[in-house]
1. Less than 20 Å apart at the alpha-carbon level, and either on another chain or at least 8 residues along: which aspartates and glutamates does that give for residue 135?
2. Rounded to two decimals, what is Rg over Rh for the range 36-96 when you use alpha-carbon atoms and the Kirkwood radius?
3. Please compute the modelled spin-label separation between residue 36 and residue 197, points set 7 Å along Cα→Cβ, answer in nm with one decimal.
4. Which of the lysines could a cross-linker span from residue 220 if the Cα-Cα distance has to be under 19 Å and same-chain partners fewer than 8 positions apart are dropped?
5. Full-extension gain between residue 137 and residue 26, please, as 0.36 nm times their residue separation minus the C-alpha to C-alpha distance.
6. Using a basic spin-label model with each label point 7 Å from the Cα along Cα→Cβ, how many nm lie between residue 14 and residue 107?
7. Among 103, 29, 39, which residue has its Cα positioned farthest towards the positive end of the charge dipole of the chain, with +1 placed on the Cβ of Lys and Arg, -1 on the Cβ of Asp and Glu, and the dipole taken about the Cα centre?
8. How large is the convex hull of the C-alpha atoms of the chain per residue, in Å³?
Amino acid sequence: GSSGGLIPLRFHLSLLVIGVLLPIVVFSVVIVQQLASSQRVESERRLIQSAHDLASAVDRETTSSVRALRALSESAHLENGDLNNFYLEAQRVLPTQPSWSTITLCTPDGKGLVNTNYPLGQKVPDVTERESLAKIVVTCEPVVGTVRKDPRSGVYTLPIRVPILQNNELKYVLTAMLETPAFSGIVSGGSTAGEWTRSIIDADDVVVARTREPERFVGKRA
């Protein structure tokens, strides 16, 4: 009798509550999804802009080195084939470029001619990072090489190479070895909200600089 009538009443009350709450819940879910989507898009926009800014900073660093190398490549000593005096000139230029560890000069086939890490007159090593050398021989344009560990200092370096033409032929390749710590300030500056790790990777997918644990990852494949 009376207890049996409570079930339909509770049922109808439940339907009434659901009917009132369901639109609110659906509306809330839609709003939350739209807000999450909007935040994701904004986060992606910020990260893309941050990556663009980082790439521009790296480009400025390498372009600055290319300009300095081009200026050095116009040395009259090279024009005259006077490698001894060119060595002395390179030694004077090196301290003016804090990110450079070494200046080298080689032939297009990689034979070492000048290396500021070696005393004048001492035999210098040939080029070991051949990929960028092969590229500059083909293009006769400046090129950024790949990360290698300097066997003398143990520091990871990145070669920046420029061609030296004489009579429209590639005569020499002039190289500045940039120490990868020079990129640490670039990679750590200007981070935005939502970033976890920043890295600079070379053409061989090797880590040049990294904001987290660089001592563990620099010089290793990404």
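Coordinate-derived values only; no laboratory data. These figures come from a predicted structure and were not determined experimentally. Note: ideal-geometry Cβ built from the backbone for every residue, glycine included; neighbour counts use all protein chains shown.
1. 59, 109, 126, 169, 202, 204, 205
2. When Rh is taken as the Kirkwood radius, the ratio is 1.43.
3. Here the modelled spin labels are 2.6 nm apart.
4. Partners within reach: 149.
5. Length gained between residue 137 and residue 26: 33.5 nm.
6. Roughly 9.2 nm, to one decimal.
7. 29
8. Cα-based convex hull of the chain, divided per residue, equals 166 Å³.
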